[in-house]
Amino acid sequence: MKWWIEHVRPGRESEYHVVTTPEVVEDGFYRQITSISAFRRRELHRRFPMDKDCRPLWTKESAAKVEWCSVHTMDDAMSRWERDQEIAKRLEIPAPAELKPIAEHDSIWKFYKAIGYDYKKKRYVQ
């Protein structure tokens, strides 16, 4: 399975990564899928923190200072890109750029290392 991940750092350009995780019958499938699913959930809460009553704790100013990742399956990312292409064509506006990853990784562990994420401590280490 392929994952499309946008890594956003304050004050820098977004980085795009493609991570390939093993198929169901391959070794390491369960650990990698569990890890990327938990990472996806943590990153969503990092970007949009809420209190115990589900009230937002973030503002535009605080959100701009947070490092985070947006994680999607490759199929989802491509369908969004294709939809944006069609809308741009109908509205006669410039189409979004092609989806071009900066790096491709053959495991979630190599992706974590590339972005400086400690998956055991569940935080960025820079």
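Bear in mind these aren't lab numbers, they're just calculated from the coordinates by the rules spelled out. Worth saying up front: this structure is predicted, and the values here are computed from it rather than measured. Here the Cβ is made from the backbone with ideal geometry for all residues, glycine too, and neighbour counts use every protein chain on show.
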Using a 7 Å offset from the Cα along the Cα-to-Cβ direction at both Ala88 and Asp51, what is the distance between the two label points in nm, to one decimal?
4.1
From DSSP H assignment alone, runs of 4+ in the chain each adding -39500 (n - 2.57), the sum over residues rounded to the nearest 500 puts [θ] at 222 nm at -12000 deg cm²/dmol
Excluding residues fewer than 8 positions from Lys121 in its own chain, the lysines with Cα under 29 Å of it are Lys2, Lys52, Lys60, Lys65, Lys110, Lys113
Only Cα pairs within less than 10 Å get springs; with that Gaussian network setup on the chain, which residue of Glu92, Glu43, Glu26 has the largest fluctuation?
Glu92
Take every DSSP beta bridge whose two residues both sit in region 2-124, then give the antiparallel share in percent to the nearest 5.
85
Please state the relative contact order of region 2-124 as a whole percent: Cα pairs under 8 Å, 6+ residues apart?
35
If N is the number of residues in the chain, what value comes out of its Cα radius of gyration divided by 2.2 N^0.38 Å?
1.17
Report the extension gain between Ala103 and Lys121 in nm, rounded to one decimal, defined as 0.36 nm multiplied by the number of residues separating them, less their alpha carbon distance.
4.1 nm
